[in-house]
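J.: This structure is in structure tokens; I'll ask about it shortly.
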Amino acid sequence: MDASFITPFVSSIQNVFSTMLQLDVQVNEPVLKRGGTPTHDVSGIIGMSGDVVGSVVLSFPETTASAVVQTFTGESFAVDSADFADAIGELVNMVSGGAKAMFAGKNVSISVPSVVVGRGHSVAKQSDVPCVCIPCSTDCGDLTIEVAIKDTTAASAAPGASAASTAG
């Protein structure tokens, strides 16, 4: 994965959390993820399509997710409530949307967010796309941004790609 796709997510989460939650985000060293199980119990998931395809997961431990949602909304919601899921979905939407805006010259769309709650759940990703985990810390607790995206324009710009796609 192109490292230039990681920086927008770092900038976006810091901006969204600072602006919307008045929380500083400490970003730790990104690592390559192995396996499909999200890092934590609550996952907000966004798909990306267009010139950049793949998925972004904002993964929280349940206690961090509850604290973040309460800070974001000013209310406390049960983890299994629709309002809790909506708040997590909106956060991953804002972080992904902010990052997408920083992909200069790329035509990218993001999906409607999905939220999954529960220990040991899995999020399927494309097998040919590496996943980079960006661990983060806030006063509400730890969270992770899991970015598994690839640039589709790089593949189509490769020598011989246009000849192969027009043959036949």
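The values are calculated or read from the model by the stated rules, or taken from the named source; none is laboratory data. Quantities reported herein were computed from a predicted structural model and do not represent experimental measurements. In this analysis, Cβ positions are derived from the backbone assuming ideal geometry, glycine residues included, and neighbour counts consider all displayed protein chains. Surface areas here come from the heavy atoms of the whole protein model, side chains and all, with no ligands, DNA or RNA. Shrake-Rupley method; radii C 1.70, N 1.55, O 1.52, S 1.80 Å.
J.: Can you tell me which residue in the range 104-127 is most open to solvent (accessible area, probe 1.4 Å), limited to those that are over 14 Å from the mean Cα position of the chain (by Cα) and among the charged types (D, E, K, R)?
T.: Residue satisfying both the conditions and the ranking: ARG119.
J.: Considering only residues that are assigned to a strand (DSSP E or B) and not aliphatic (A, V, I, L, M), look in the range 108-125 and name the one that is farthest from ASN15 (Cα to Cα).
T.: Here the residue is SER114.
J.: Turning to a different aspect of this structure: Would it be correct to say that SER4 is under 22 Å from VAL116 (Cα atoms), modelled with pLDDT under 95 and not charged (D, E, K, R)?
T.: So SER4 fails the test.
J.: Filter the range 1-57 for residues that are touching a Ser or Thr at 6+ places or on another chain (Cβ under 8 Å), part of a loop (DSSP other than H, G, I, E, B) and either open to solvent by 70 Å² or more (accessible area, probe 1.4 Å) or β-branched (Val, Ile, Thr) (or both) and give the result.
T.: GLN22, ASP24, VAL25, THR37, THR39
J.: Now for a different question. May I ask you to list pairs of residues, at least six apart or on different chains, whose Cβ atoms are under 9 Å apart, with the first in the range 71-86 being open to solvent by less than 60 Å² (accessible area, probe 1.4 Å) and the second being of a type in the set (Lys, Arg)?
T.: Nothing qualifies.
J.: Which count do you get for residues in the range 87-107 that are touching a residue at least 12 places away in the same chain (Cβ under 8 Å) and part of a loop (DSSP other than H, G, I, E, B)?
T.: Counting residues in the range 87-107 that are touching a residue at least 12 places away in the same chain (Cβ under 8 Å) and part of a loop (DSSP other than H, G, I, E, B) gives 4.
J.: Out of all the residues in the range 58-67, which are buried (at least 19 other Cβ atoms within 10 Å of the Cβ) and more than 13 Å from the chain's Cα centre (by Cα)?
T.: Once the filter is applied, which keeps residues that are buried (at least 19 other Cβ atoms within 10 Å of the Cβ) and more than 13 Å from the chain's Cα centre (by Cα), the range 58-67 yields THR64, ALA65, SER66, ALA67.
J.: When the range 126-145 is examined, which residues are found to be more than 22 Å from SER12 (Cα to Cα) and not small (Gly, Ala, Ser)?
T.: Of everything in the range 126-145, those that are more than 22 Å from SER12 (Cα to Cα) and not small (Gly, Ala, Ser) turn out to be GLN126, ASP128.
J.: Considering only the range 63-105, how many residues are among the β-branched types (Val, Ile, Thr) and over 17 Å from THR144 (Cβ atoms)?
T.: 3
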